[in-house]
Amino acid sequence: MIANSILTGYFRLDGGAMFGVVPRRMWSKLCPPDANNMISLAMRALLVRDGRRTVLIDTGIGNKQDERFRAHFEPHGEETLFGSLQALGVSREEVTDVLLTHLHFDHCGGAIWKNELTGITEPSFPNAIYWTNERHFQWAMYPNERERASFLRENFEPLYTGGRMAFIPVKQGVEFIPGITVRFTYGHTEAMMIPYIKNGDHTIIYSADTIPTRWHINLPYVMAYDVRPLMSLREKKRLLQDAVKPGHLLFFEHDPEAACARVGTDEKGRVTALATGSLTDMLND
Ligand SMILES: [Zn+2]
């Protein structure tokens, strides 16, 4: 397995929502907000290749939202999904599978692309199967009022109706392909998928929105967006138990600087980041 971090760009979210019950005077020291209390966050996908399959995990926000949406979430930065793949020499046609951890727009918006010349929208990867799970798909199709703004049908419904979507069985630790297993979590949203990727001596944990940044390793840092925050807390503890094992790395989808961390336990028994950096740095660490 070869794994590469794919930065698809940045956007902004409300800092308070991102850090939940943690007071602003604490989180703002770690991550200073702008005048509107917004913080800049990465949208970082992961590309995994084993010589047969080319798997993309999550896709970022995409390019098809209107000005009103863009004014709200302020996508920014030079990087794009297609640009970052191209920099690795990977074409859109080569991608065989797109694993969508969940269907919030900042994770699956890039699955369907808008041709800016013709205005036509189509699947971003013409030969790929797009993977979700049935429980989450139903949840996203008929969302509760609190998550409604995060589930935009245009990001995923056409994949389903176009016969391009497939469901991963909802079974803890299920093997997606050899070398990638999936854990299901229910705190952030219903049946979000956390892929564990074997990479030589390492296991990369793509923690999605369970531990979106290195600051969220700290247990009380649970996003206000989560539908079941106490379950998020339990799931985070469970994930950190795995992350402290030798050879395990935590991958951060939203951290504005660090893609990855090696974690361990400090003298008080708390899990903490021992080293952070790019995925390549951490794999060679
Ligand atoms: Zn999410």
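The values are calculated or read from the model by the stated rules, or taken from the named source; none is laboratory data. Please read these numbers as outputs of a predicted model, since none were measured by experiment. We place every Cβ from the backbone using ideal geometry, glycine too, and count neighbours over all the protein chains shown.
Contact map, the stretch 190-201: residues that are at positive phi paired with residues that are at pLDDT 95 or above and within 12 Å of the ligand (Cβ to nearest atom), Cβ distance under 6 Å, separation 6+ or inter-chain. Pairs shown: 191/136.
Exactly one residue out of 84, 124 is polar (S, T, N, Q), within 14 Å of residue 165 (Cβ to Cβ) and crowded, with 17+ Cβ neighbours inside 10 Å: that is 124. Among the residues of the stretch 210-235, the one identified as surrounded by fewer than 24 Cβ atoms within 10 Å (Cβ to Cβ), under 30 Å from residue 284 (Cβ atoms) and within 11 Å of the ligand (Cβ to nearest atom) is 212.
With respect to the conditions (1) in contact (Cβ under 8 Å) with a residue 40 or more places away in the chain; (2) over 20 Å from residue 210 (Cβ atoms); (3) among the charged types (D, E, K, R); (4) in contact with a helix residue (DSSP H, G or I) (Cβ under 7 Å, 6 or more places away or on another chain), residue 58 falls short on a single one, namely (2). Within the stretch 140-167, if we keep just the residues that are closer than 21 Å to residue 47 by Cβ and either modelled with pLDDT under 95 or within 16 Å of the ligand (Cβ to nearest atom) (or both), the residue that is surrounded by the fewest Cβ atoms within 10 Å (Cβ to Cβ) turns out to be 156.
If you go through the stretch 88-115 and keep only what is out of contact with any strand residue (DSSP E or B) (no Cβ under 9 Å at 6 or more places or on another chain), part of a helix (DSSP H, G or I) and away from the ligand (no atom under 16 Å from the Cβ), you end up with just 93. Residues considered: 85, 117. Of these, the only one that is modelled with pLDDT of 95 or more and out of contact with any helix residue (DSSP H, G or I) (no Cβ under 6 Å at 6 or more places or on another chain) is 85. Of the residues making up the stretch 168-204, those that are within 16 Å of the ligand (Cβ to nearest atom) and part of a loop (DSSP other than H, G, I, E, B) number 6. Of the strands (runs of 3 or more DSSP E) that lie entirely inside the stretch 234-285, those containing 3 or more residues that are at pLDDT 95 or above and small (Gly, Ala, Ser) span 271-277.
It is to be established whether one or more residues within the stretch 255-262 are within 13 Å of the ligand (Cβ to nearest atom), under 19 Å from residue 27 (Cα atoms) and loosely packed, with under 15 Cβ neighbours inside 10 Å. No, the stretch 255-262 contains no residue that is within 13 Å of the ligand (Cβ to nearest atom), under 19 Å from residue 27 (Cα atoms) and loosely packed, with under 15 Cβ neighbours inside 10 Å.
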